[in-house]
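Taken together, the values in this text are just the output of simple stated rules run on the coordinates, not laboratory data. Given the structure is predicted, the values throughout are model-derived calculations rather than measurements. Note that we place each Cβ from the backbone using ideal geometry, even for glycine, and neighbour counts take in every protein chain shown.
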Amino acid sequence: MTQPLERSLRPEELARISRLELRARQVVEGFVSGLHRSPGFGQSLEFLQHREYVPGDDIRRIDWKLWSRSDRYYLKQFEDDTNVRVTLLVDGSESMQFGTGPLNKFEYARTIAAAVSMLVLKQHDSVGVTVFDSAIRAQVPSSSRNTQLQAILAGLETQVAVGKTDIAAILKRTNETLSRRSIVILLSDLFCNREDLFRGLQTLRQRRHDVLVLQILDDEELEFRYSGTLRFEGLENAGKLTCDPAALRAGYLKAINGFLDTVRRRCAGSNIDYQLIRTSENLDAALAHVLIRRLA
């Protein structure tokens, strides 16, 4: 599906670019240079039927699950929806401030949101962005107009990560305001009440929206490699703790891995695409997670 990228878009390189627009364009240009062709968001919204493969067909359309059962090649065909709407929900709560690398979680999420917006508008589809904590802080409704990209970039550029999270309320409001089927992409660390989170995601799926969850975490949140006596200060008024991290590491890793496993299973059970992304991961690879799932 993809060829090796001509250059590696490491977070430390992109962090030197202060303007969000320039940073996002670097990601998009690097990503597209590694593809056989530009990806399309709308090609997989509505499954229609299968037909047998013939030489010359796009092999990306082969249903590999059906092949494994029948040992024959069939293509997935879809209803053509040329006016796709993509809604990006960017978590701007205080926990997204955290980062031990060149880009914190919020900066990483903003860059991915800007890059996705560029790609969607490039193919003349509609995209909108919402930045939220416990309420909506900035919102640019979906549109494909010529000024949409600048409106989105302006909305993202001025935001900082503050406040508590209430993803459930944002998902509920998003579900109420979407007038037609959309692709909804949530970019968040998902540090929130799990039952409320999945209730909101399932409601979107019940309305037949296509949902993709990108859980963005820092390496230290996943590996907890701290040593020595340290004082931890929780974000979003989570309190303070002085401790020896080495004594807590085994319990912490068990808890975080259990949390991630739950998120993966619940998303799979609701037919929601899910991808864990580290902020140390190259941004072109993170963008590929979004685009390739739309081509799968």
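Explain nothing, just compute: Karplus ³J(HN,Hα) = 6.51 cos²θ - 1.76 cosθ + 1.60, θ = phi - 60°, for every residue of the range 102-107 in order, whole Hz, x for Gly and Pro.
x, 10, 6, 4, 5, 4
Using the 10 angstrom Cβ neighbour count as an exposure proxy, how do 244, 71 rank, fewest first?
Fewest-to-most ranking of 244, 71: 71, 244.
Return the sequence-ordered ³J(HN,Hα) values of the range 178-186 in whole Hz as given by the Karplus equation 6.51 cos²θ - 1.76 cosθ + 1.60 applied to θ = phi - 60°, using x for Gly and Pro.
Result, rounded to whole Hz: 6, 8, 8, 4, 9, 9, 10, 10, 9.
Under 25 °C and 0.890 mPa s, how fast does the range 189-290 diffuse according to Stokes-Einstein, given a Kirkwood radius computed over C-alpha pairs? Answer in µm²/s, whole number.
After rounding, the answer is 158 µm²/s.
List the residues whose amide H sits under 5 Å from the amide H of residue 143, counting only those 5 or more places along or on another chain, with H placed 1.01 Å from N in the peptide plane.
Here 127, 128 satisfy the definition.
As a footprinting exposure proxy, order 185, 136 by other Cβ within 10 Å, with the fewest listed first.
Ascending number of Cβ neighbours within 10 Å: 136, 185.
As an exercise, identify the trypsin sites (Lys or Arg not before Pro) in the range 115-158 lying in DSSP coil whose Cβ has no more than 10 other Cβ atoms within 10 Å.
Passing both the DSSP loop test and the Cβ count: 145.
Can you give me the convex hull volume of the Cα atoms of the range 82-191, divided per residue and expressed in Å³?
That works out to 89 Å³ per residue.
List every residue whose amide H lies under 5 Å from the amide H of residue 92, counting only residues 5 or more places away in sequence or on a different chain, with H placed 1.01 Å from N in the peptide plane.
The list, which skips near neighbours in sequence, is 132, 133.
Determine, for each peptide in 89-95, 18-24, the mean count of other beta carbons within 10 angstrom over its residues, then list the peptides with the highest first.
89-95, 18-24
Please compute the alpha carbon radius of gyration of the range 147-222, then divide it by the globular-protein estimate 2.2 N^0.38 Å. Two decimals is fine.
Dividing the Cα Rg of the range 147-222 by 2.2 N^0.38 Å gives 1.22.
Cα to Cα, under 24 Å, and not fewer than 8 places away if on the same chain: which lysines meet these conditions relative to residue 76?
Within the straight-line cut-off, residue 76 pairs with 65.
Against the 2.2 N^0.38 Å scaling, with N counting residues, where does the range 83-295 land? I'd like the Cα-based Rg ratio to two decimal places.
Computed over Cα atoms of the range 83-295, the ratio equals 1.02.
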